[in-house]
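Inspection log for the structure reproduced underneath, given as structure tokens.
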Amino acid sequence: MADPLSIAASIAGLISLADIVFTRLIKYKKSVKDAEKELGDLAKEVNLLGGALNSLARLARALEAGSFDSNLRMHNIEDCSDSLTAMDKELRKIDLTSIRTKLFRPISSDQVREWLDLLSRHKQNINLALSAISMDAMLKLLAKEDEHVDIVKETRRITIRIDKAMEDKRLLGFYVQHNPQQNYDMSLRLRHGRTGLWLTRLPQFQRWLSNPDSRLWLKGIPGAGKTVLAASIVEAALGKCNESIACAFFFCDYKVSITQNIDTILLAIVYQLGLQKMEAYDLLKHHYEEYHPGNGLPRQPGEEEVKAILHRILKMYDHVYLVIDGLDECGKHTTDVTSALAGISRASTNVSIALLSRDEDEVQYHLHEDFVPIEVAAHKQDIVEYVTTEIEERIRNGKLDLRDPELKAEALSRLVDGANGMWAYFPSVL
């Protein structure tokens, strides 16, 4: 999970974007006829917003990490990023050497007024957050809704229950041959503050989150960030959980052969769901004792037996979220794993399942009919945030001398355009 410094870094990346937009506006203002005042006002508003963001980043660094919940998503910061990114996109299109640009103004007065209103609202929200006296308070203001605090507390409670083996270590050893909590925690650490918000805002995702008996298939090229998005999906699902709504997840890994086996996946899911309701936990214990008789040798359940246990537990909840990442990493077991998971979702009317993989024929064959596909590439918004954050952090730490806004804008453009939808591009160039 993010700490105050990574949240500050995320805001610092936005400051860098504001600097770039300010520089482009000043250039545009000099090239366009009869628009000096309103473009000057717009540039001033961007500059003031950058100042407010700078103050907010300093506040985030100053506040202690002791009690804050970083699962609170920075929706107001994301809205601010959306506006600045849209402005940058429009300004990048303009050919400042064109006679037409000088005479006819590519950006209308109405558009300038709309941007002024947006920037003013963003500045008000950030100034409100600056009144916070704790990290919790600051994130609560940036998240827009007081209910996020309760959601975060519930999320923390459930993930702690999933991570612990309760009082019986024997059950953990029997059901969990590979603990997916490790992968989930790692993916959260890799995620920047606003990564994945584009996904959770999609209508397809909101329907999946709201409606039982729904299916998503998130597919994309290698290096597109699917595993980090899987953590965002799990986080969103956990935020909905209570005594009648449960969530379970698993991360398949080509480097760990045991994670590629359908029995391993299903047993881990069974165990997680069993920890979220006492009735389900009692069933876990019952089946453990059934496979470990006092007067005989222990045995492992077969796939069909595990499916039967899972279906019994699923019926104990009103709504269950299942998130499984890396189907294509199961090697020779990919077809069996995909077929089994798709079959489980179709046999249950209270399950929302999200599967993530590369777009491979053997996966598509089992999912194309009733899974809603979502193409995953390194999303432009996520890339811009990542690059601006990394540039700003390197400047702050003295590892990069790039204070000229024009050079910074050029570096951002080249890095973002060069990624071509792949997160894997960045370790080699940053």
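If a residue counts only when it is without any contact (Cβ under 8 Å) to a residue 12 or more places away in the chain, which helices (runs of 4 or more DSSP H) contained entirely in the stretch 238-333 have at least 1 such residues? Full working, then the answer.
Values: elements: 262-274, 278-291, 303-314.
In the stretch 238-333, the matching helices (runs of 4 or more DSSP H) lie at 278-291, 303-314.
Scan the stretch 136-150 and give yes if some residue there is of a type in the set (D, E), under 30 Å from I324 (Cβ atoms), at pLDDT below 65 and part of a helix (DSSP H, G or I), otherwise no.
Taking every residue of the stretch 136-150 in turn, at least one turns out to be of a type in the set (D, E), under 30 Å from I324 (Cβ atoms), at pLDDT below 65 and part of a helix (DSSP H, G or I).
Given the criteria in contact with a helix residue (DSSP H, G or I) (Cβ under 7 Å, 6 or more places away or on another chain) and either more than 29 Å from Q206 (Cβ to Cβ) or assigned by TED's automatic domain parsing to the domain that holds R215 (or both), does R346 qualify?
Here the answer is no, as R346 does not meet what is asked.
When the residues of the stretch 237-259 are narrowed to those that are farther than 14 Å from Y317 by Cβ and among the polar types (S, T, N, Q), which ends up surrounded by the most Cβ atoms within 10 Å (Cβ to Cβ)?
Looking at residues that are farther than 14 Å from Y317 by Cβ and among the polar types (S, T, N, Q), I get T259.
Quick check, is S348 of a type in the set (S, T, Y) and farther than 25 Å from I221 by Cα?
For S348, the condition - of a type in the set (S, T, Y) and farther than 25 Å from I221 by Cα - is met.
Have a look at A231, A237 and point out the one that is among the small types (G, A, S), touching a Ser or Thr at 6+ places or on another chain (Cβ under 7 Å), at pLDDT 85 or above and under 20 Å from S357 (Cβ atoms).
Just a single option satisfies the conditions, and that option is A231.
Sort through A342, A347 and tell me the only one that's of a type in the set (A, V, I, L, M, F, W, C), modelled with pLDDT of 70 or more and surrounded by fewer than 16 Cβ atoms within 10 Å (Cβ to Cβ).
A347
Conditions tested, residue by residue: (1) hydrophobic (A, V, I, L, M, F, W, C); (2) exposed (fewer than 13 other Cβ atoms within 10 Å of the Cβ); (3) outside the structural domain of F251 (by TED's automatic domain parsing).
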residue	(1), (2), (3)
Y271	no, no, no
A280	yes, no, no
E290	no, yes, no
N295	no, yes, no
E304	no, yes, no
Y321	no, no, no
D325	no, no, no
H333	no, no, no
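The values are calculated or read from the model by the stated rules, or taken from the named source; none is laboratory data. Bear in mind that the values here come from a model prediction, so they are computed numbers and not experimental data. Cβ atoms come from the backbone with ideal geometry, glycine included; neighbour counts cover every protein chain shown.
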